[in-house]
1. Quick one: would you say Ser89 is hydroxyl-bearing (Ser, Thr, Tyr) and touching a residue at least 12 places away in the same chain (Cβ under 8 Å)?
2. Got at least one residue in region 8-21 being closer than 28 Å to Ala92 by Cβ and either of a type in the set (Ser, Thr, Tyr) or touching a helix residue (DSSP H, G or I) at 6+ places or on another chain (Cβ under 8 Å) (or both)?
3. With among the small types (Gly, Ala, Ser), within 17 Å of Lys39 (Cβ to Cβ) and loosely packed, with under 13 Cβ neighbours inside 10 Å as the only criterion, which of Gly61, Gly86, Gly116 stands out?
4. What are the pairs with Cβ atoms under 9 angstrom where one residue, in region 50-73, is in contact (Cβ under 8 Å) with a residue 12 or more places away in the chain and the other, located anywhere, is buried (at least 21 other Cβ atoms within 10 Å of the Cβ) and among the basic types (Lys, Arg)? Sequence gap at least six, or different chains.
5. Read through the list (1) farther than 17 Å from Gln126 by Cβ; (2) surrounded by 14 or more Cβ atoms within 10 Å (Cβ to Cβ); (3) of a type outside the set (Val, Ile, Thr), then give the number of the only condition that Arg76 fails.
6. So Asp136 clears everything in (1) within 16 Å of Ser96 (Cβ to Cβ); (2) in contact with a helix residue (DSSP H, G or I) (Cβ under 8 Å, 6 or more places away or on another chain) except one condition, right? Which one?
7. Quick one: is Leu36 crowded, with 21+ Cβ neighbours inside 10 Å, touching a Gly at 6+ places or on another chain (Cβ under 6 Å) and farther than 14 Å from Met160 by Cβ?
Amino acid sequence: MPRKIEAPKIDIGISAGERAKIAKGLSALLADTFALYMKTHHFHWNVTGPMFNTLHVMFEGQYTELWTSTDLIAERIRALGYPAVGAFSVFAKQSSIKETVGVPKAEEMIRLLVEGNEAAARTARQCFTAADKASDEATADLLTQRLQTHEKTAWMLRSMLEA
């Protein structure tokens with residue numbers, strides 16, 4: 001019978017306690033990102049009105065980027081030694097972004113996506129403190145990229161609502 005080989009303990013220069021705090025923050029960001037992905041995809045499918053083509057294409061680009069980022073966030077959680085959550089019920093509990101039931105008008109969709117992107121930015125910013133304290137540059141880099149994306153997306157969407 002082959003001998004079972006144990007995986008070595010994680011030794012990346014970040015303590016287990018620090019890794020746990022960072023993973024918890026990243027899990028909240030993963031939940032927000034997934035909730036925002038679902039909302040954006042929902043709006044892509046259901047947008048109507050004079051801005052249909054513009055919003056349909058814009059939302060597709062946004063949900064595609066969000067989908068890709070869920071993998072990056074989940075893989076960082078795994079690299080820190082923790083499981084990445086994948087259950088809708090857990091995402092719903094952890095996310096600061098609430099689902100939209102029904103189909104709002106196009107301008108309301110835009111407003112809700114501004115709020116969602118700003119909420120995700122706040123969640124990323126909260127996690128940044130733990131990553132910075134632990135000198136976790138890899139997580140800090142990921143969070144910086146997420147902040148840039150969410151803040152730019154919120155700005156672009158908000159600009160569509162200004163007179």
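We did not get these values from a lab; they are worked out from the coordinates using the rules stated. Note that the structure is predicted; figures quoted are calculated from it, not measured. Glycine gets a Cβ as well: all are built from the backbone with ideal geometry, and neighbour counts include every protein chain shown.
1. Working: hydroxyl-bearing (Ser, Thr, Tyr): yes; touching a residue at least 12 places away in the same chain (Cβ under 8 Å): no.
Answer is no for this residue.
2. So far as region 8-21 goes, yes, one or more of its residues are closer than 28 Å to Ala92 by Cβ and either of a type in the set (Ser, Thr, Tyr) or touching a helix residue (DSSP H, G or I) at 6+ places or on another chain (Cβ under 8 Å) (or both).
3. Numbers: Gly86 fails: within 17 Å of Lys39 (Cβ to Cβ); Gly116 fails: loosely packed, with under 13 Cβ neighbours inside 10 Å.
Result of the check over Gly61, Gly86, Gly116: Gly61.
4. Once the first residue is in contact (Cβ under 8 Å) with a residue 12 or more places away in the chain and sits in region 50-73, its partners that are buried (at least 21 other Cβ atoms within 10 Å of the Cβ) and among the basic types (Lys, Arg) give Tyr63/Lys39; Ser69/Arg146; Leu72/Arg146; Ile73/Arg146.
5. Result: Arg76 passes all but (1).
6. (1)
7. Values: crowded, with 21+ Cβ neighbours inside 10 Å: yes; touching a Gly at 6+ places or on another chain (Cβ under 6 Å): yes; farther than 14 Å from Met160 by Cβ: yes.
It is true that Leu36 is crowded, with 21+ Cβ neighbours inside 10 Å, touching a Gly at 6+ places or on another chain (Cβ under 6 Å) and farther than 14 Å from Met160 by Cβ.
To keep it simple, each residue is scored yes or no on (1) among the hydrophobic types (A, V, I, L, M, F, W, C); (2) within 27 Å of Gly25 (Cβ to Cβ); (3) in contact with a helix residue (DSSP H, G or I) (Cβ under 9 Å, 6 or more places away or on another chain).
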residue: Lys39; (1), (2), (3): no, yes, yes
residue: His44; (1), (2), (3): no, no, yes
residue: Thr48; (1), (2), (3): no, no, yes
residue: His56; (1), (2), (3): no, no, yes
residue: Leu72; (1), (2), (3): yes, yes, yes
residue: Glu75; (1), (2), (3): no, yes, no
residue: Pro83; (1), (2), (3): no, yes, yes
residue: Ala87; (1), (2), (3): yes, yes, no
residue: Val90; (1), (2), (3): yes, yes, yes
